[in-house]
Amino acid sequence: MTSRTAITTLDVEALRRARPRSTLVRVSVLALLALVAYAWLGGDIQVEDLFSPRRRENLERFVTTDVVPFALRGTDWNAAQYLEYARGLALDRGFSGLGSTLAISVLAIVLAACGALSLAFLAARNVATPTPFGDRVLRDSGVRSRAWNALAVVVRAALILLRAIPEYIWAFLLLAMLGTSAWPAVLALAIHNAGILGKLGAETVENLDPRPLSALRAAGGSRAQIAWLGALPLAANRFLLYFFYRFETCVREATVLGMLGVVSLGYWIQDSRAKQYYDEMVVFVALGAALVLAADLASAIVRRALRRAQ
């Protein structure tokens with residue numbers, strides 16, 4: 001070992017010994033390991049049951065028989081025939097269900113984004129003040145300051161309520177009020193995602209570089225101008241990232257909520273499961289996965305174009 005290597009090794013060892021140690025992190029890791037051990041060993045979950053002969057037989061039957069179209073069972077695997085079967089099923093019901101799922105998802109995420117943008121600025125502590133991005137002393141004193149702080153707390157509590165209730169609970173409540181239609185699914189997704197996007201949007205605004213917004217304030221910009229012409233363009237990339245992430249979630253949840261009776265992919269998946277037509281169900285699930293992949297691709301393209309334009 002050369003002297004240079006020895007010195008480097010000693011430096012690394014010294015840095016390792018001098019690294020900060022957190023008791024909280026260590027206790028948390030030990031507690032997590034204990035919970036995992038309890039879940040596997042002390043709960044009702046039996047690991048060996050997953051690998052039992054009966055499970056293997058069920059898996060083999062599902063892969064070799066259940067997901068194979070009835071007309072193709074007992075014959076040699078033919079990819080062209082299977083693709084023709086999947087194409088016919090997609091044209092018959094799949095694409096119409098896919099269109100309904102996409103329409104529910106798009107309408108829900110647009111409504112959620114509109115509500116979240118308005119609520120995010122009211123929940124952001126650097127905007128919900130008498131003088132946004134102005135003098136901190138003025139922001140922290142007076143009745144107006146307390147009123148704005150109270151408003152921010154109320155809005156943040158409302159956002160917590162919106163996202164604390166799962167989509168399917170909102171959907172059941174709205175289904176009782178509005179009846180069977182696409183609107184309970186749309187509004188349920190919009191309400192829940194507005195709470196999530198509003199929370200993420202408020203944190204994004206609070207973490208923006210205050211210097212350009214303070215300059216806009218010093219130039220005489222109003223609260224609305226600072227929010228919509230200053231903060232929104234600066235946070236647009238991050239907003240779009242959250243928007244498309246939640247849009248992917250909307251696609252998945254719209255599929256699930258379709259099981260409530262809306263004729264979407266979820267409806268046909270539930271119908272196939274009830275009839276035990278697993279060959280059809282696999283095709284509908286694949287269409288839903290393709291829609292999520294398309295949403296992710298659109299997100300990447302839009303964000304890349306936005307970065308290039310900046």
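The values are calculated or read from the model by the stated rules, or taken from the named source; none is laboratory data. Every value quoted in this text rests on a predicted model; they were computed, and no experiment measured them. Neighbour counts run over all protein chains shown; Cβ positions are idealised from the backbone, glycine included.
Of everything in segment 22-59, what is at pLDDT below 75 and in a loop (DSSP other than H, G, I, E, B)? Give them in sequence order.
Those that are at pLDDT below 75 and in a loop (DSSP other than H, G, I, E, B): Gly43, Asp44, Ile45, Gln46.
For segment 172-193, check the following and say yes or no: at least one residue is within 30 Å of Thr101 (Cα to Cα) and either touching a strand residue (DSSP E or B) at 6+ places or on another chain (Cβ under 6 Å) or aromatic (Phe, Trp, Tyr) (or both). Give the steps one after another, and end with the answer.
So in segment 172-193, the residues within 30 Å of Thr101 (Cα to Cα) come out as 172-193.
Then drop every residue that is not either touching a strand residue (DSSP E or B) at 6+ places or on another chain (Cβ under 6 Å) or aromatic (Phe, Trp, Tyr) (or both), which leaves 172, 183.
Scanning segment 172-193, I find at least one residue that is within 30 Å of Thr101 (Cα to Cα) and either touching a strand residue (DSSP E or B) at 6+ places or on another chain (Cβ under 6 Å) or aromatic (Phe, Trp, Tyr) (or both), so the answer is yes.
Can you find a residue that is in contact with a Lys or Arg (Cβ under 8 Å, 6 or more places away or on another chain) and within 28 Å of Ala103 (Cβ to Cβ) anywhere in segment 248-258? So that I can check it myself, show each step before the final result.
First pass over segment 248-258, keeping only residues in contact with a Lys or Arg (Cβ under 8 Å, 6 or more places away or on another chain): none.
The answer is no; no qualifying residue exists.
Which of the residues belonging to segment 195-218 are under 17 Å from Leu241 (Cβ atoms) and of a type in the set (Gly, Ala, Ser)? Outline the logic, then answer.
Looking only at segment 195-218, we keep the residues that are under 17 Å from Leu241 (Cβ atoms), and these are 196-208.
Once the filter is applied, which keeps residues that are under 17 Å from Leu241 (Cβ atoms) and of a type in the set (Gly, Ala, Ser), segment 195-218 yields Gly198, Gly201, Ala202.
Consider Glu248 against the criteria (1) part of a loop (DSSP other than H, G, I, E, B); (2) within 17 Å of Ala190 (Cα to Cα): it satisfies all of them except one. Which criterion is unmet?
(1)
Of the numbered conditions (1) modelled with pLDDT under 85; (2) in contact with a Lys or Arg (Cβ under 7 Å, 6 or more places away or on another chain), Ala224 satisfies every one except a single condition; which is it?
(2)
Return the residues of segment 259-285 that are among the β-branched types (Val, Ile, Thr), surrounded by fewer than 21 Cβ atoms within 10 Å (Cβ to Cβ) and under 21 Å from Val186 (Cβ atoms); say none if nothing qualifies.
As a first pass, look at segment 259-285 and keep what is among the β-branched types (Val, Ile, Thr): 262-263, 269, 282-283, 285.
Then keep just the ones that are surrounded by fewer than 21 Cβ atoms within 10 Å (Cβ to Cβ); that gives 263, 282, 285.
Hit for segment 259-285 is Val263, nothing else.
Among what's in segment 258-291 and is in a helix (DSSP H, G or I) and among the polar types (S, T, N, Q), pick the residue that is farthest from Ala171 (Cα to Cα). Spell out the reasoning first.
So in segment 258-291, the residues in a helix (DSSP H, G or I) come out as 258-260, 265-275, 278-291.
Subsequent filtering for residues that are among the polar types (S, T, N, Q) retains 270, 272.
On the way: Gln270: 17, Ser272: 22 Å.
The qualifying residue farthest from Ala171 (Cα to Cα) is Ser272.
What number of residues in segment 207-222 are assigned to a loop (DSSP other than H, G, I, E, B), more than 19 Å from Ala120 (Cα to Cα) and among the aliphatic types (A, V, I, L, M)?
1
Starting from segment 192-203, take each residue that is β-branched (Val, Ile, Thr) and list its partners that are at pLDDT below 95, counting only C-beta distances under 7 angstrom and pairs at least six apart or across chains.
Once the first residue is β-branched (Val, Ile, Thr) and sits in segment 192-203, its partners that are at pLDDT below 95 give Ile196/Arg163; Ile196/Arg246.
Any idea which of Ala219, Ala224, Ala157 is within 21 Å of the chain's Cα centre (by Cα), surrounded by fewer than 17 Cβ atoms within 10 Å (Cβ to Cβ), farther than 28 Å from Val292 by Cα and of a type in the set (Gly, Ala, Ser)? First the steps, then the outcome.
Values: Ala219 fails: within 21 Å of the chain's Cα centre (by Cα); Ala224 fails: within 21 Å of the chain's Cα centre (by Cα).
After applying the criteria, what remains is Ala157.
With the structure loaded, tell me whether Gly288 is within 16 Å of the chain's Cα centre (by Cα), surrounded by 18 or more Cβ atoms within 10 Å (Cβ to Cβ) and either among the acidic types (Asp, Glu) or within 26 Å of Tyr82 (Cα to Cα) (or both) or whether it fails that test. Break it down into steps so the answer makes sense when it comes.
Values: within 16 Å of the chain's Cα centre (by Cα): yes; surrounded by 18 or more Cβ atoms within 10 Å (Cβ to Cβ): yes; either among the acidic types (Asp, Glu) or within 26 Å of Tyr82 (Cα to Cα) (or both): yes.
Answer is yes for this residue.
Can you pull out every residue in segment 238-274 that is free of Cβ contacts under 8 Å to residues at least 12 places away in the same chain and under 18 Å from Ala86 (Cα atoms)? Walk me through it before giving the result.
Going residue by residue through segment 238-274, those that are free of Cβ contacts under 8 Å to residues at least 12 places away in the same chain are 259, 271, 273-274.
Passing the criteria: Asp271, Arg273.
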